[in-house]
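A quick write-up on the structure given underneath.
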Amino acid sequence: MKDEVREICDRAFEELSYLKSLENRKDQKNQKNLQDLRVKYLGKKGLLTVLLKSLGKLPREDRPAAGKIINEAKARLESAIEDTGRSVKALQEKRVIESRRIDVTLPGFFIPQGRQHPINQVLDEVCEVFTSMGFRVEEGPEVEDNYHNFEALNIPNEHPARDMQDTFYVAGGFVLRTHTSPVQVRVMEREKPPVRVVAPGKVYRCDSDQTHTPMFHQVEGLLVDRNISMADLKGVLEAFVHSIFGSKTPVRLRPSYFPFTEPSAEIDIGCVICGGAGCGVCKKTGWIEILGAGMVNPKVFEFSGYDPEEYTGFAFGLGIERVAMLKYGIDDLRLFFENDIRFLEQF
Ligand code: FA5
């Protein structure tokens, strides 16, 4: 019996030491193999268990000693299997930790950062100046009907003023709006005076050269109330110019013509490129036109149902690209629309 127990134990420890030798080979099945080994020797039908059950066949006086030998062998094997199991588990955990280790000294990843297009930056800045003066932001459709783009602004069919803005026509009596002025009409149709709105947005004209593009942005302004005069218009626009281009920038109103305003003016600012001395951008005049404006024509009020005897108002429309060109000293407007990242990254 003693010899049989020793033989079984030797085999079990041999198998155990073989399993231990596999530890370093990243064998994920080690735990399973250990379990199999436990069943083979210590399980219900395991070799040592079966031996223990066969004690009854021994003479009564030999049984206690034989039982002690078998139980000691079982206990030794059990604790050796447990030790091996612990070290296998610890090794596996160590491997997991090492495979997930983060080297905090490695250089980081470069994540390119997007930014707002310069035209939108200027558009927002311009709107902010006007909202700080109490104007509200309004929007209107880019595909506009003839009535709002022309007729209600006192530009009837065949009127020569339609040639002032080369129009993209859309089927069904629609146009791509040539200016943001139709938003004036839409606001007046909806609301009673007083109104104080700015309307930023895209406009379209069949036009392309260094200072003109087929799509560009305008900001329309409209203020209607009792007793509004040209002096109010001048005050608001001067405040706007000074806040965008600096408080020392000279401003002048030059008589002009728009069918929807009477009187009308174009607003020039002292050339910010040459300081008024005369350069290529201001065509040697020292002045640059940035917007059109005027007192709302009483005929436009009549179209919208406002009483021109009771109310007066002013309106203006400025080109955002023109403002951006001057603000950033850019001499070709088309650069804003080429989407060259080297150009856009500078803003
Ligand atoms: C108008 O569009 C009028 N609706 C402005 C207005 C509103 C006057 C309210 C009176 C009362 P004008 O066609 O001049 O006006 O255009 C206004 C501004 O848009 C110009 O000063 C210029 O800065 C800009 N602009 C005109 N055409 C282009 C173009 N093709 N590309 C870029 N900017 C342009």
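A compact table of results
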quantity	calculated
Residues of region 272-291 that turn out to be touching a strand residue (DSSP E or B) at 6+ places or on another chain (Cβ under 6 Å) and without any contact (Cβ under 8 Å) to a residue 24 or more places away in the chain, as a count	1
Enumeration of residues in region 136-173 that are of a type in the set (A, V, I, L, M, F, W, C), surrounded by fewer than 20 Cβ atoms within 10 Å (Cβ to Cβ) and modelled with pLDDT of 95 or more	Val137, Val143
Matching residues in region 182-220 - criterion: being basic (Lys, Arg) and near the ligand (Cβ under 8 Å from one of its atoms)	Arg205
Scan of region 215-230 for residues that are crowded, with 23+ Cβ neighbours inside 10 Å and either among the polar types (S, T, N, Q) or on the phi > 0 side of the Ramachandran plot (or both), ordered by number	Gln218
Any hit, region 282-302, residues being within 14 Å of the ligand (Cβ to nearest atom), open to solvent by 40 Å² or more (accessible area, probe 1.4 Å) and among the β-branched types (Val, Ile, Thr)	no
Any hit, region 310-332, residues being more than 13 Å from the ligand (Cβ to nearest atom), surrounded by 14 or more Cβ atoms within 10 Å (Cβ to Cβ) and closer than 22 Å to Ser264 by Cβ	yes
Tally of residues being without any contact (Cβ under 8 Å) to a residue 40 or more places away in the chain and part of a helix (DSSP H, G or I) across region 303-322	0
Scope region 124-166; condition more than 12 Å from the ligand (Cβ to nearest atom) and part of a loop (DSSP other than H, G, I, E, B); matching residues	Met133, Gly134, Phe135, Glu138, Glu139, Gly140, Pro141, Glu142, Pro156, Asn157, Glu158, His159
Any hit, region 323-340, residues being in a strand (DSSP E or B) and under 30 Å from Gly276 (Cβ atoms)	no
Any chance Val219 is part of a helix (DSSP H, G or I) and touching a strand residue (DSSP E or B) at 6+ places or on another chain (Cβ under 7 Å)	no
Residue within region 338-347 that is touching a strand residue (DSSP E or B) at 6+ places or on another chain (Cβ under 9 Å), in contact (Cβ under 8 Å) with a residue 40 or more places away in the chain and either under 28 Å from Pro118 (Cβ atoms) or within 15 Å of the ligand (Cβ to nearest atom) (or both) present	no
Residues satisfying the stated conditions in region 257-271, i.e. within 10 Å of the ligand (Cβ to nearest atom), in a loop (DSSP other than H, G, I, E, B) and open to solvent by less than 10 Å² (accessible area, probe 1.4 Å)	Pro259
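The values are calculated or read from the model by the stated rules, or taken from the named source; none is laboratory data. The structure displayed is predicted, hence computed values, not measured ones. In this analysis, Cβ positions are derived from the backbone assuming ideal geometry, glycine residues included, and neighbour counts consider all displayed protein chains. Heavy atoms of the whole protein, side chains included, go into the accessibility calculation; ligands, DNA and RNA do not. Shrake-Rupley method; radii C 1.70, N 1.55, O 1.52, S 1.80 Å.
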